[in-house]
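Structure record follows, encoded as structure tokens.
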Amino acid sequence: MKSVFCMTLLFLAVVRALPAGQATIVDFNNHGLLTWSNPPSPGSYYSVEWAPQVTGPWYRGWQGPDRTDADVTTLFTVSVPMYFRVMENQGPPPPGMSYIEAGVFAMGDQWQEDAASSGEWVVHQARIDAFYIDKNELTQKLWDKVAAWGATNGYTDLPIPTTQALLANVKTNHMPLLDIRWYDAAKWCNARSEMEGLVPVYYAFPLFFPGNVYRTGDIDLSVTNVYWEASGYRLPTEAEWEKAARGGLQWHHFPWPSYGTGAVNFIDGSMANYLNSGDRLESFGNGTTPVGWFDGFQPNFPDGADMANGYGLYDMAGNMPEWCWDWFDAGYYTNAAASADNPKGPNDQNPAESIEMRVIRGGGDTSPINELRCASRSQAWFPSSYANFRCIRKAD
Ligand SMILES: [Ca+2]
Ligand SMILES: [Ca+2]
């Protein structure tokens, strides 16, 4: 193993055209710990990525297809990463968000856990630009803060949900938002952007002028209503959401190590809140838990590490289902657009669908195990369905 690492270090590349010889690898041990001297940008963030071939695709995390297989003759084939590189990220992410690097990931479910009609079986490569994403589901506290700002700044119909009555000592700051419609989620993203001085993403008309910012009413936005290059907050696309949920793991069922036949064999009540998951609040019945809290043993609540995925994200499986941007189309993965850069879903509702559906991901506190899988696709009639969501922002 050690010789493999020594060889692959020859392929080290540091982006941003660093002066030759400036950064020096001192050690890269067989636990994956990289040590170097003369970092090119002290204080910046770096990630080690690996690829099975020098042309990529590049992955983060160490539990992808680098595994040991035994065939019927009991011969073992060991496949290991063959190439490594170090990528410099863009400074620290905004508060409360994680940085998701640009790159390709395998979208869909190779295990065929759900019915073929779900569309998940069409495993395809999706290439996504870098982005930031909220570590947690949206809390009611943050919703209320932005909605209150919006009420006096042109966002006149953002609802103020009923306060949840559960465990008064923890609910105030950390209970997830319940019951938000897709339209209100999109408008709220704009309000959060404007409140922070960022450029809004969603527009009532496909002309990105301040007077067209989507602030009120129910408007069936299509991809042309979205200023994708804006600096502000928006809903993740379905592809962005799935990449973030996987946390750098390839072909695992859940956001934690879970590679193998049968998702049910890998479900873990200490990692997610789902139906009868065993979290401590189930003594009150099945329900949501504070974000990132799952069973009450979060060591550094609300920002610990025990249930975070490889990107530092919480509750990508369970607790509250989460809206995505995309119109739902079960056949979308078969389109060439799904394997092009930054897939955004259908431009409008699928003509084959008789009603308006948007994508919901991740399952929730009352969901069966199947819906908690990273690849699981759900849909909801968005004019009157409710879910939570988390925001993303573009990153260069
Ligand atoms: Ca539960
Ligand atoms: Ca969730």
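Please specify each residue of region 332-343 satisfying the condition of being outside any strand (DSSP E or B) and either more than 20 Å from Phe389 (Cα to Cα) or within 16 Å of ligand 1 (Cβ to nearest atom) (or both). If the condition is that a residue be outside any strand (DSSP E or B) and either more than 20 Å from Phe389 (Cα to Cα) or within 16 Å of ligand 1 (Cβ to nearest atom) (or both), then Tyr332, Tyr333, Thr334, Asn335, Ala336, Ala337, Ala338, Ser339, Ala340 are the ones that fit. One residue stands out among those in region 318-331 that are under 13 Å from Val291 (Cβ atoms) and assigned to a loop (DSSP other than H, G, I, E, B): the one that is nearest to ligand 1 (Cβ to nearest atom), which is Asn319. Checked against the criterion of being among the aromatic types (Phe, Trp, Tyr) and more than 15 Å from Ala239 (Cβ to Cβ), region 333-354 contains not a single residue that satisfies it. Here Pro346 passes the criteria (1) buried (at least 24 other Cβ atoms within 10 Å of the Cβ); (2) in contact with an Asp or Glu (Cβ under 6 Å, 6 or more places away or on another chain) except the one numbered (1). Close contacts from region 135-157, counting a first residue that is in contact (Cβ under 8 Å) with a residue 12 or more places away in the chain and a second that is charged (D, E, K, R) and surrounded by fewer than 23 Cβ atoms within 10 Å (Cβ to Cβ), with Cβ to Cβ under 7 Å and a gap of 6+ residues or different chains, come to Asn153/Glu194; Gly154/Arg215; Tyr155/Arg215. Going by the structure shown, is Glu240 in a helix (DSSP H, G or I), more than 12 Å from ligand 1 (Cβ to nearest atom), crowded, with 16+ Cβ neighbours inside 10 Å and not hydrophobic (A, V, I, L, M, F, W, C)? Against the criterion (in a helix (DSSP H, G or I), more than 12 Å from ligand 1 (Cβ to nearest atom), crowded, with 16+ Cβ neighbours inside 10 Å and not hydrophobic (A, V, I, L, M, F, W, C)), Glu240 qualifies. In region 272-287, the residues that are farther than 9 Å from Thr366 by Cα form Cβ pairs under 6 Å with partners that are surrounded by 24 or more Cβ atoms within 10 Å (Cβ to Cβ) and polar (S, T, N, Q), at six or more places apart or across chains, as follows: Asp279/Asn273; Asp279/Thr289; Leu281/Thr289. Do you know which of the residues in region 87-112 that are in a loop (DSSP other than H, G, I, E, B) and among the polar types (S, T, N, Q) is surrounded by the most Cβ atoms within 10 Å (Cβ to Cβ)? So, considering only residues that are in a loop (DSSP other than H, G, I, E, B) and among the polar types (S, T, N, Q), the one surrounded by the most Cβ atoms within 10 Å (Cβ to Cβ) is Asn89. Looking across region 116-153, the residues that are farther than 26 Å from Tyr311 by Cα and hydroxyl-bearing (Ser, Thr, Tyr) come down to Ser117, Ser118, Thr152.
Number of residues in region 255-308 that are modelled with pLDDT of 75 or more and part of a loop (DSSP other than H, G, I, E, B) equals 31.
Taking the conditions (1) surrounded by fewer than 22 Cβ atoms within 10 Å (Cβ to Cβ); (2) small (Gly, Ala, Ser); (3) within 15 Å of ligand 2 (Cβ to nearest atom) in turn, Gly278 satisfies each one other than (3).
Among the residues of region 368-386, is any modelled with pLDDT under 95 and within 10 Å of ligand 2 (Cβ to nearest atom)? Within region 368-386, none of the residues are modelled with pLDDT under 95 and within 10 Å of ligand 2 (Cβ to nearest atom). When region 254-292 is filtered for residues that are within 14 Å of ligand 1 (Cβ to nearest atom) and within 22 Å of Gln110 (Cβ to Cβ), the ones remaining, listed by number, are Ile267, Asp268, Met271, Ala272. The residue list Leu235, Leu207 contains one member that is more than 19 Å from Val104 (Cα to Cα) and within 14 Å of the chain's Cα centre (by Cα), which is Leu235.
Can you find a residue in region 312-324 that is in contact with a His (Cβ under 8 Å, 6 or more places away or on another chain), within 16 Å of ligand 2 (Cβ to nearest atom) and of a type outside the set (Gly, Ala, Ser)? No, because not a single residue in region 312-324 is in contact with a His (Cβ under 8 Å, 6 or more places away or on another chain), within 16 Å of ligand 2 (Cβ to nearest atom) and of a type outside the set (Gly, Ala, Ser). For region 361-386, name all the residues that are buried (at least 24 other Cβ atoms within 10 Å of the Cβ), within 16 Å of ligand 1 (Cβ to nearest atom) and within 13 Å of Asp109 (Cα to Cα). Across region 361-386, the qualifying residue is only Leu372.
The values are calculated or read from the model by the stated rules, or taken from the named source; none is laboratory data. What you see is a predicted model, and the numbers here were worked out from it, not measured in a lab. Virtual Cβ from ideal backbone geometry, glycine too; neighbours counted across all protein chains shown.
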